[in-house]
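Presented below is the structure to which this report refers.
The values are calculated or read from the model by the stated rules, or taken from the named source; none is laboratory data. As the structure is a prediction and not an experimental result, all values here were calculated from the model. Here the Cβ positions follow ideal geometry from the backbone for every residue, glycine too, while neighbour counts run over all protein chains shown.
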């Protein structure tokens with residue numbers, strides 16, 4: 001009886017060791033993803049540093065989209081902002097993508113997303129935890145939900161707490177072009 005109890009106890013520890021070692025098994029593909037150097041320059045701002053990008057007074061039309069890699073509707077519409085950036089560059093339109101990803105996700109999610117999708121628009125990250133202060137400064141009616149977009153020129157400004165397809169986005173931007 002003592003031998004059986006000893007054998008059962010050893011099997012229990014052996015099982016624990018097998019589970020521990022198998023959970024530590026290296027997944028080469030995942031390891032490469034985490035250690036790959038994405039070499040993506042990312043400007044990180046607090047709101048005071050971001051605010052000048054939201055209030056420029058020049059001859060351009062600015063399209064500022066607030067998004068995050070964890071937001072499915074944001075990811076779905078992002079190619080439309082990229083296309084707008086390309087199609088309207090010659091019309092003096094500038095697209096700025098403001099990521100609201102969490103700082104601990106910049107290296108693991110945001111930079112890989114930027115590189116994989118070859119984003120050409122200006123991408124900045126907003127790292128300012130005082131959202132109760134800066135959200136109403138962007139628009140007094142903004143609930144904080146994303147995606148959200150500001151389109152502005154030196155003469156007018158519009159805020160959209162919604163997703164766009166390309167034709168809708170283009171239609172709104174054309175209202176700002178002379």
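Those residues that are within 14 Å of residue 69 (Cα to Cα) and surrounded by 14 or more Cβ atoms within 10 Å (Cβ to Cβ), I need them from the range 116-147; list them, please.
119, 123, 124, 125, 126, 146, 147
Return the only residue of 146, 151, 114 being within 18 Å of residue 78 (Cα to Cα), in a strand (DSSP E or B) and touching a strand residue (DSSP E or B) at 6+ places or on another chain (Cβ under 9 Å).
None of the other options fit; the residue is 151.
Would you confirm whether or not the range 132-142 contains a residue that is modelled with pLDDT under 95, over 25 Å from residue 57 (Cβ atoms) and in a helix (DSSP H, G or I)?
Yes, because at least one residue in the range 132-142 is modelled with pLDDT under 95, over 25 Å from residue 57 (Cβ atoms) and in a helix (DSSP H, G or I).
Give the residues of the range 96-106 that are outside any strand (DSSP E or B) and surrounded by 14 or more Cβ atoms within 10 Å (Cβ to Cβ), sorted by residue number.
Within the range 96-106, 100, 101, 102, 105, 106 qualify.
Considering only residues that are touching a residue at least 40 places away in the same chain (Cβ under 8 Å) and surrounded by fewer than 14 Cβ atoms within 10 Å (Cβ to Cβ), look in the range 57-76 and name the one that is nearest to residue 166 (Cα to Cα).
Checking each candidate, the answer is 76.
With the structure loaded, tell me whether residue 88 is assigned by TED's automatic domain parsing to the domain that holds residue 149, in contact with a helix residue (DSSP H, G or I) (Cβ under 9 Å, 6 or more places away or on another chain), over 19 Å from residue 74 (Cα atoms) and assigned to a helix (DSSP H, G or I) or whether it fails that test.
So residue 88 passes the test.
Within the range 158-174, how many residues are assigned to a loop (DSSP other than H, G, I, E, B) and either surrounded by fewer than 14 Cβ atoms within 10 Å (Cβ to Cβ) or touching a helix residue (DSSP H, G or I) at 6+ places or on another chain (Cβ under 8 Å) (or both)?
Of the residues in that region, 4 qualify.
Evaluate the following for residue 93: is it in contact (Cβ under 8 Å) with a residue 60 or more places away in the chain, over 23 Å from residue 43 (Cβ atoms), touching a strand residue (DSSP E or B) at 6+ places or on another chain (Cβ under 7 Å) and surrounded by 13 or more Cβ atoms within 10 Å (Cβ to Cβ)?
It is false that residue 93 is in contact (Cβ under 8 Å) with a residue 60 or more places away in the chain, over 23 Å from residue 43 (Cβ atoms), touching a strand residue (DSSP E or B) at 6+ places or on another chain (Cβ under 7 Å) and surrounded by 13 or more Cβ atoms within 10 Å (Cβ to Cβ).
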